[in-house]
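Notes follow once the structure below has been shown.
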Amino acid sequence: MRLEPAGVAFDVPPGMDLVSAARAAGWRWPKSCRNGTCRTCRARVVEGHAVHRIDWPGLSREELAEGWVLACVAEPRSDLVVDALCQPDTMSLKPR
Ligand code: FES
């Protein structure tokens, strides 16, 4: 997965959601509920395909059609390019 606007790429292991994969790669992705309701982790898939683990994520039909996902409950089904809408002050490299 490549994450924009940060411009970084990392692997998403099978069965792992996008937020968890970012975290495993050392990135913080804004999140709150972790169950697909609060929309804090909302992002847009601009290339590739992702699916939600839950039947009714908190997105409208129009948002789903536009490629929006709730990253805490979304898993890739192909290589992805994702616009995470994150600014540098809300998504940053974790201190090591
Ligand atoms: S963290 Fe709440 S919807 Fe993803």
If Glu62 passes every condition in (1) at pLDDT 95 or above; (2) within 15 Å of the ligand (Cβ to nearest atom); (3) part of a helix (DSSP H, G or I) but one, which one does it miss? (2)
Across (1) within 11 Å of the chain's Cα centre (by Cα); (2) over 16 Å from Glu4 (Cα atoms), Cys33 clears everything bar (1)
Report yes if Ala50 is at pLDDT 95 or above and either touching a Gly at 6+ places or on another chain (Cβ under 9 Å) or crowded, with 16+ Cβ neighbours inside 10 Å (or both), otherwise no. yes
Can you name the residue in the stretch 36-47 that is surrounded by 15 or more Cβ atoms within 10 Å (Cβ to Cβ) and aliphatic (A, V, I, L, M) and, of all such residues, is nearest to the chain's Cα centre (by Cα)? Ala43
From Val69, Val46, Val51, Val82, which residue is part of a strand (DSSP E or B) and over 19 Å from Pro14 (Cα atoms)? Val46
Please specify each residue of the stretch 1-30 satisfying the condition of being within 11 Å of Val81 (Cβ to Cβ) and more than 13 Å from the chain's Cα centre (by Cα). Gly7
Modelled with pLDDT under 95 and among the polar types (S, T, N, Q) - does that describe any residue in the stretch 73-87? yes
Pairs please, first residue from the stretch 1-22 and more than 23 Å from Ile54 (Cα to Cα), second anywhere and crowded, with 22+ Cβ neighbours inside 10 Å and of a type in the set (Val, Ile, Thr), Cβ atoms under 7 Å, 6+ apart in sequence or on different chains. Glu4/Val82
How about the stretch 14-36: which of its residues are near the ligand (Cβ under 8 Å from one of its atoms), in a loop (DSSP other than H, G, I, E, B) and touching a helix residue (DSSP H, G or I) at 6+ places or on another chain (Cβ under 6 Å)? Lys31, Arg34, Gly36
Based on this model, can you work out whether Trp27 counts as farther than 13 Å from Glu75 by Cα and either buried (at least 17 other Cβ atoms within 10 Å of the Cβ) or of a type in the set (Val, Ile, Thr) (or both)? yes
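The values are calculated or read from the model by the stated rules, or taken from the named source; none is laboratory data. Please read these numbers as outputs of a predicted model, since none were measured by experiment. Note that we place each Cβ from the backbone using ideal geometry, even for glycine, and neighbour counts take in every protein chain shown.
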